[in-house]
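Worksheet for the structure shown next.
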Amino acid sequence: MTTTAKSMQGPQKENTSGSGVYNASEKRYQFFWGVFFILVSIIAIIPILRVISISFSSKDAILRGQVFIWPVGANTDAYTKALKTGNFMGTMGYSVLLMLAAAAINMVMTILMAFPLARRNLRLGGAIMTFCVLTMYLNPGTIPTFLNVRDFGLINTIWALLIPGAMSVYNMIIMRTAFRAIDESLYEAARIEGCSEFRIMWQIAVPLTVPTIATLALFYAVSRWNGIEDQIYYINSSSLYTVQMTLKQMIESIAISAEEGSTTQMTPENVKAASITLSMLPMLIVYPFVQRFFTQGIMLGAVKG
Amino acid sequence: MTTKKPSELRPDRKGWFKPYIAGTWQLYLMMLIPIVYIICFKYKPMIGIVMAFKKYTPFGGRSMWEMDWVGFQWFEEAFRDTLFWKSLANTLILNLGDLFFGFPFPIILAIFLNELRSNKVRKTTQLALYLPNFLSWVIISGITSQIFASSGLMNNIINALGGETVPFLSNTAWWRFVYWFMGIWQSAGYSLIIYLAALMSNDPSLSEAAYIDGATRMQRIWHVTVPQIMPTISTLLIMQVGKVVSISFDRPFMMRNALVTDAAQVISTFVYDKGLKGGRFDYAAAVGLFQSVVGIVLILIANQGSKKMGQEGII
């Protein structure tokens with residue numbers, strides 16, 4: 001496995017495959033860049049470490065500026081406060097459900113559009129494709145889009161967060177490319193057996209494109225999880241806010257009462273950091289497992305449909 | 001009813017229509033919901049563009065069509081509005097800064113990461129740099145204040161070293177720097193992966209040949225590696241240049257604070273403040289339309305440019 005990986009490195013291949021000993025200059029070069037990139041990686045995660053360490057640090061340590069990227073003086077009061085404020089756990093559950101619903105709706109719409117458009121015998125395929133692609137370049141703008149959503153009566157409903165973005169043409173094109181790679185003679189065989197197109201799609205095409213479907217579903221899920229623009233535009237009751245908007249409100253309005261100040265070990269910074277950490281947590285937990293799908297996803301996008 | 005193979009369908013013969021529909025109606029049926037969606041939520045809003053030429057009256061139940069035409073009044077107002085020009089200028093400044101600082105950074109990282117033989121370090125670096133891409137701008141703005149506020153990490157370090165507190169978030173020049181910095185932090189990992197993939201597909205024999213011919217490391221990188229990823233670089237560059245007047249909403253909206261409005265008010269937040277918050281739908285629609293039109297023209301120019309340079313167009 002390491003040999004294949006190394007053979008992809010290119011320039012220094014002949015050094016490793018030769019005597020097996022690098023010369024001193026090559027060793028220094030590799031060492032330098034190794035250290036450099038470890039430092040870059042550490043710098044990249046310092047902001048996250050900082051937030052986590054502030055959230056666990058004691059008031060005195062924070063006020064005296066002793067906390068850098070490691071907690072000083074253990075303290076979990078901020079978490080108690082953050083979890084109490086704004087029904088944090090309830091919002092988290094709601095956001096997860098909303099994210100799953102959005103991913104499901106988006107995926108169904110994407111597949112329903114991409115499967116027929118991937119077929120080569122569809123006469124109107126080219127025209128419908130153009131019809132879709134044009135929307136990627138003609139953006140009506142914030143106000144007309146808002147007026148449209150309002151005309152449909154979606155303002156201040158959960159549908160405003162699900163329907164206006166129910167399908168991404170860009171992702172649909174990626175899905176179509178994946179369907180195109182399937183040999184259509186498979187479909188022919190199924191049709192002769194009397195399968196409907198829906199069954200062909202569901203039982204032949206979808207199972208053959210699971211990696212792409214998983215990747216796109218994750219893309220949709222993350223963009224719903226992180227999206228705030230539509231909530232700011234279309235929603236003004238905080239009961240429909242996701243974690244992101246709840247966090248935004250908490251960051252803007254966190255206050256420590258005099259009583260809390262005297263009995264606990266927290267500062268507003270503390271509570272902000274704790275709520276940021278709590279909001280990041282789901283993403284930090286799933287990231288190592290799903291990261292490779294996203295890396296693949298970038299590559300999928302690079303293939304022109 | 002027998003369905004026919006596509007090869008049996010002859011467009012020029014009479015009577016092709018019936019078997020064709022018999023064989024494909026289900027496919028058209030599948031697309032029905034997505035097509036209705038695209039019409040309702042991608043094309044129908046375009047009708048609302050007329051709002052830019054109308055006088056918006058919020059109450060009285062009048063439809064958009066019954067409101068009075070005002071021609072180009074809102075555009076004229078926008079061109080006289082110093083706040084509009086400021087927003088436009090800020091949009092350009094912030095985007096050009098992203099281009100200047102944010103664009104070369106992942107390229108340089110990718111080139112040297114590709115030089116590295118240790119797979120572990122490569123994987124770790126990718127993992128660490130790509131992570132911020134999955135955080136929302138709400139979280140990133142929260143993190144920003146933890147790092148750059150007067151009691152944040154940067155000032156902790158500066159104070160510990162005996163320096164004066166730097167007003168990163170309240171001074172407009174510093175704020176821009178923070179905006180760009182967090183932009184790089186958020187997006188570098190994504191571009192890094194694109195460039196690494198481009199580097200992976202490079203032909204290693206070219207580099208080996210250069211090595212045997214006695215080229216130094218820097219010469220190999222500059223004359224062999226970089227030219228091979230040039231198509232990727234120029235495509236991404238042109239895409240970003242084409243988008244120089246359009247700016248996302250989340251990032252400036254979440255990064256701004258009351259002290260730096262002068263630098264942070266951009267077109268997208270201006271449209272939001274005037275239109276959705278201030279209720280001036282007509283004026284905000286005109287500003288948005290102006291931005292969209294200029295944006296499309298720039299994208300078309302960029303696309304022509306990329307074709308002229310011998311690259312595949314982006315449209």
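Take B:MET200 and A:PHE32, extend 7 Å from each Cα along the Cα→Cβ direction, and tell me the distance between the two endpoints in nm.
My value for the distance between the label points is 2.7 nm.
Need one word for chain B: rounded, prolate or oblate. Basis is the Cα gyration tensor (sqrt eigenvalues a ≥ b ≥ c); a/c below 1.5 gives rounded, then a/b vs b/c decides.
Numbers: a/c = 2.17, a/b = 1.09, b/c = 2.00.
Oblate is the answer for chain B, as a/c is 1.5 or above yet b/c matches or exceeds a/b.
Considering the options A:ILE128, A:LEU100, A:TYR234, tell which one lies farthest towards the positive end of the dipole of region A:87-243, charges being +1 on Lys and Arg and -1 on Asp and Glu at the Cβ, about the Cα centre.
The one lying farthest along the dipole's positive direction is A:ILE128.
Looking at B:THR91, B:ALA209, B:SER306, which one has the Cα that reaches farthest to the positive end of the dipole of region B:73-308 (charges on Cβ: Lys, Arg +1; Asp, Glu -1)?
B:ALA209
What is the set of long-range amide H partners of B:LYS54 at a cut-off below 5 Å, with H atoms built 1.01 Å from backbone N?
The list, which skips near neighbours in sequence, is B:VAL70.
Choose one answer from B:MET218, B:MET230, B:MET239: the residue with the largest mean-square fluctuation in a GNM of chain B with alpha-carbon springs under 10 Å.
Per the Cα network of chain B with a 10 Å cutoff, B:MET218 tops the list.
Show A:ARG191, A:ARG64, A:ARG150 ordered by accessible area, largest first, where the area counts protein heavy atoms only and the probe is 1.4 Å. Don't skip to the answer; put the middle values down first.
Working: A:ARG191 35, A:ARG64 160, A:ARG150 95 Å².
The ranking, largest first, comes out as A:ARG64, A:ARG150, A:ARG191.
Report the relative contact order of chain A, percent, no decimals, based on alpha-carbon pairs under 8 angstrom and at least 6 residues apart.
Working: 265 pairs, mean separation 82.4, N = 305.
The value is 27 percent.
Going down the list B:LYS44/B:LYS243; A:LYS272/B:LYS120; A:LYS248/B:LYS44; A:LYS84/B:LYS42; B:LYS86/B:LYS243, which pairs span over 29 Å between their C-alpha atoms?
Details: B:LYS44/B:LYS243 24 Å; A:LYS272/B:LYS120 35 Å; A:LYS248/B:LYS44 32 Å; A:LYS84/B:LYS42 41 Å; B:LYS86/B:LYS243 18 Å.
In this structure, A:LYS272/B:LYS120; A:LYS248/B:LYS44; A:LYS84/B:LYS42 lie more than 29 Å apart at Cα.
Set the Förster radius R0 to 51 Å, insert the Cβ-Cβ distance between A:GLU193 and B:ILE47 as r into 1/(1 + (r/R0)^6), and round the FRET efficiency to 0.05. If you can, show how the numbers build up before the last one.
Working: r = 46 Å, r/R0 = 0.91.
E(calc), rounded to 0.05, equals 0.65.
Quick check for you: which residues of region A:207-242 have the amide N under 12 Å from the point 7 Å beyond the Cα of A:SER253 toward its beta carbon?
A:237-239
Is any helix in chain A, taking whole DSSP H runs, at least 30 angstrom long along its axis by alpha carbon and on average at least -0.5 on the Kyte-Doolittle scale, and which ones?
Span-like helices in chain A: A:24-56, A:88-118, A:268-302.
Excluding A:THR209 itself, what net charge comes from residues whose Cβ is under 11 Å from its Cβ, given Lys and Arg +1 and Asp and Glu -1? Provide the component values of the computation, followed by the final result.
Numbers: positive: A:ARG176, A:ARG180; negative: none.
It works out to a net charge of +2.
For region A:131-248, what does the alpha-carbon gyration tensor say about shape, rounded, prolate or oblate, given a ≥ b ≥ c as the root eigenvalues, a/c under 1.5 as rounded, and a/b over b/c as prolate?
Working: a/c = 2.60, a/b = 2.19, b/c = 1.19.
Judged from the Cα gyration tensor, region A:131-248 comes out prolate (a/c at least 1.5, a/b above b/c).
Given the -39500 (n - 2.57) contribution per DSSP H run of 4+ residues, what per-residue ellipticity at 222 nm results for chain A, rounded to the nearest 500 deg cm²/dmol? Working shown, then result.
Details: 16 runs with 210 residues, N = 305.
Here the helix-only value at 222 nm equals -22000 deg cm²/dmol.
Computed from the mean reciprocal separation of all distinct C-alpha pairs, what Kirkwood hydrodynamic radius does the protein assembly as shown have, in Å? Please list the in-between numbers first.
Values: mean 1/r = 0.0365 Å⁻¹.
Taking the inverse mean of 1/r over all distinct Cα pairs, the protein assembly as shown comes out at 27.4 Å.
Excluding A:SER223 itself, what net charge comes from residues whose Cβ is under 15 Å from its Cβ, given Lys and Arg +1 and Asp and Glu -1? Walk me through the numbers before you get to the answer.
On the way: positive: A:ARG224, B:ARG251; negative: A:GLU229, A:ASP230, B:ASP250.
My count for the surroundings of A:SER223 gives -1.
Local charge sum around A:VAL169 (other residues, Cβ-Cβ under 11 Å, Lys/Arg +1, Asp/Glu -1)? Don't skip to the answer; put the middle values down first.
Numbers: positive: A:ARG176, B:LYS42; negative: none.
Around A:VAL169, the surrounding residues sum to +2.
What nm value, rounded to one decimal, do you get for the distance between A:LYS84 and A:LEU49 when each label is placed 7 Å out toward the C-beta?
The modelled label-to-label distance comes out at 3.2 nm.
Along the charge dipole of region A:95-212, Cβ charges K/R +1 and D/E -1, which of A:ILE200, A:LEU161, A:PRO211 sits furthest on the positive end?
The residue sitting farthest along the positive end of the dipole is A:LEU161.
Quick one: dipole size for the protein assembly as shown, taken about the Cα centre, charges +1 on Lys/Arg Cβ and -1 on Asp/Glu Cβ, in debye to the nearest 20. Could you put the intermediate results ahead of the total?
Details: 50 positive and 34 negative charges, 250 e Å.
It works out to roughly 1200 debye.
Which longest uninterrupted range of chain B lacks any trypsin sites (Lys or Arg not before Pro) assigned by DSSP to a loop state (not H, G, I, E or B) and surrounded by at most 15 other Cβ atoms within 10 Å?
Longest stretch, sites excluded: B:63-315.
Mind running the shape call on chain A? Use the C-alpha gyration tensor, a ≥ b ≥ c as the square roots of the eigenvalues: rounded below 1.5 for a/c, prolate if a/b tops b/c, oblate otherwise. Mind showing how you got there, number by number?
Numbers: a/c = 2.68, a/b = 1.22, b/c = 2.21.
Since a/c reaches 1.5 but b/c is at least a/b, the shape of chain A is classed as oblate.
Nothing charged except the Cβ atoms of Lys and Arg (+1) and of Asp and Glu (-1): what's the magnitude of the dipole of chain B about its Cα centre? Round to the nearest 20 debye.
Working: 28 positive and 18 negative charges, 216 e Å.
So the magnitude is around 1040 debye.
Need the C-alpha centroid separation for region A:190-216 versus region B:207-240, integer Å.
Here the answer is 42 Å between Cα centres.
The values are calculated or read from the model by the stated rules, or taken from the named source; none is laboratory data. Here the structure is a predicted model, which is why all the values come from computation and not from measurement. Note that we place each Cβ from the backbone using ideal geometry, even for glycine, and neighbour counts take in every protein chain shown. Surface accessibility is based on the protein's heavy atoms, side chains included, excluding ligands, DNA and RNA. Shrake-Rupley method; radii C 1.70, N 1.55, O 1.52, S 1.80 Å.
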